[in-house]
Amino acid sequence: MTTGTPPRKPSTGARRSRVRRFLPLGVAAWVVLEVWLLMLVAGASSGFTVFLILVAGFVLGAVVIKAAGRRAFQNLSETIQRAQTDPAAAAEPRSQGNGLLMLAGLLLMIPGLFTDALGLLLLVPPVRGALSRYTERTVERRMSTAAEGTLGGAFQQARMRQPGTTVIQGEVVREDERPGGGPDESESRPPITPS
């Protein structure tokens, strides 16, 4: 039984994406930068000061994540209540940026001074708003230009409503896959009926 998609042809010398090529290098550079900054601060003050900075970042990150989670749950509760009273008002999207707040908290919780600086930067509302708008525009642009057969194409198809389309359940049987090369009379298959 096949799924209707043609088998992939083995490609010779498949290109790796830029992300797969440069991600390990980026992670290694990030770790080296974090260790260098921690050693720099520890040399300028003391190891105990660095420890206090890391603990304070972890605690602040936990508080930010907890507050963003509470706000997201409160927004969800309000949306459900509005949907019960007025379905038209509940359909309005109200983005509050809880995802970026949670990302800021996560960056604060990761040990390191560079990630703490990025987390603190994401706590500034104008920066968070600008990053949110940039991300939304980028995702919309990529979704509109997504090719078929890619993950973006699957999301694009899921977003589109196609009324009047029919899905026919079935099984593809190829004659050339049988051992005799032709139809086998001894093997009879019952017809496929809708379930």
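Nothing in this text is a laboratory measurement; each read-out follows from the coordinates by a stated rule. In this text, all values refer to a predicted model and were calculated from it rather than measured experimentally. Positions of Cβ are generated from backbone atoms using ideal geometry, with glycine treated the same way; all protein chains shown enter the neighbour counts.
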### Task
Rounded to whole Hz and in sequence order, give me ³J(HN,Hα) for region 112-126 from the Karplus expression 6.51 cos²θ - 1.76 cosθ + 1.60, θ = phi - 60°, writing x for Gly and Pro.
x, 7, 5, 5, 5, 5, 5, x, 5, 5, 6, 6, 6, x, x
#### Entry: Mean Cβ count within 10 Å, highest first, over the residues of peptides 105-111, 21-27, 64-70
105-111, 64-70, 21-27
### Summary
Between ALA42 and LEU106, the FRET efficiency computed from the C-beta separation at R0 = 22 Å comes out, to the nearest 0.05, as 0.40
### Query
What number in nm² do you get for region 14-76 if you take the convex hull of its Cα atoms and divide its surface by four?
7.2 nm²
### Query
Can you work out ³J(HN,Hα) from phi for every residue in region 20-26, in order, using Karplus 6.51 cos²θ - 1.76 cosθ + 1.60 and θ = phi - 60°, giving whole Hz and x for Gly and Pro?
5, 7, 9, 4, x, 5, x
